[in-house]
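The values are calculated or read from the model by the stated rules, or taken from the named source; none is laboratory data. Keep in mind it's a predicted model, so treat the numbers as computed, not measured. So basically every Cβ, Gly included, is an ideal-geometry build from the backbone, and we count neighbours across all protein chains shown. Remember, those area values only see protein heavy atoms, side chains included, never the ligands or the DNA or RNA. Shrake-Rupley method; radii C 1.70, N 1.55, O 1.52, S 1.80 Å.
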Amino acid sequence: MLYAAAVYEESPDVKIKCWLLSKNLNLYADRLGENGIHTLEQVVDLEINDDKIYEKLGIKLAGHRRRFERAVLDLRRKRCLDEEPETPVAYGYWAKPEDLSDAQNEFLCIQAKAKSPFNDHLTRNLEFMVDSGSDVSTLQREIIDSLQLKSVSTVESKGIHSASREKDLYNVYLQLGKESLDIDVIEENYNSLGNKILRQFRHYINGSRHIWLSGHRQNTSTNAEELKEPSAATPPSSSDLSTSQPPQP
């Protein structure tokens, strides 16, 4: 009997009931089971902003709904703390790029190395502005020439307040922290990374830095017939980018 007590572990259903009881929400235990929710892992993944969830669980009182939301958020925070610390891919920062020094506001920036696809010896360490409002990434003409990049095609680029125009599209290798990327760029008077690059990563942003975390890979080639041209008028804010819990130090 003592041995059995030593190895006893609560079943997932019991864990849910104990969790609900600790939050004074135990009257909803049966409804969770009826809706196929039998583990705390399933509770953590609930869409707590979806009204249908509360209809299914029979949570009608506003106070109980807020209590349930807070309880689920607490579980999510605990899961993040229990996970292995994640090593960021790269660190960005808020600044005014040299070529946009007259801008009214600071931009999110990141240091990265641009490499020629044709000559391993041709590389440039660059500061890129993060332009989440643009579909395309850009390089200055001087950088394009120094890396001896070749036009691989042309694209129709359309600015917010300008007519559509044809631009050359160049292929370049990018070393962003620990990640190597094969990206397409067009010429502009500043260096920037558009949302095609950003969507490959997860991001945590605060008032002093921008942490790039590994994410799902997507195609970074530019094949659209018409692109939204970059605009340096307004810097991207943290609300423009997806965010995640910060990695543990």
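Qualifying chymotrypsin sites (Phe, Trp or Tyr not before Pro) in region 117-193, where qualification requires a DSSP coil assignment and no more than 16 other C-beta atoms within 10 Å, comprise Phe118. In terms of the mean number of neighbouring beta-carbon atoms within 10 Å, the peptides 139-146, 44-51 order highest first as 139-146, 44-51. When the pairs Lys150/Lys178; Lys17/Lys78; Lys113/Lys196; Lys96/Lys150; Lys56/Lys78 are compared against a 22 Å limit on Cα-Cα distance, Lys150/Lys178; Lys96/Lys150; Lys56/Lys78 fall above it. Note on exposure: Asp135, Asp182 ranked by accessible area (1.4 Å probe, complete protein assembly) read Asp182, Asp135, with the most exposed listed first.
With contacts taken as Cα pairs under 8 Å at a separation of at least 6 residues, region 39-113 carries a relative contact order of 21 percent. A DSSP coil position with no more than 15 other Cβ atoms inside 10 Å describes the following trypsin sites (Lys or Arg not before Pro) in region 46-137: Lys60.
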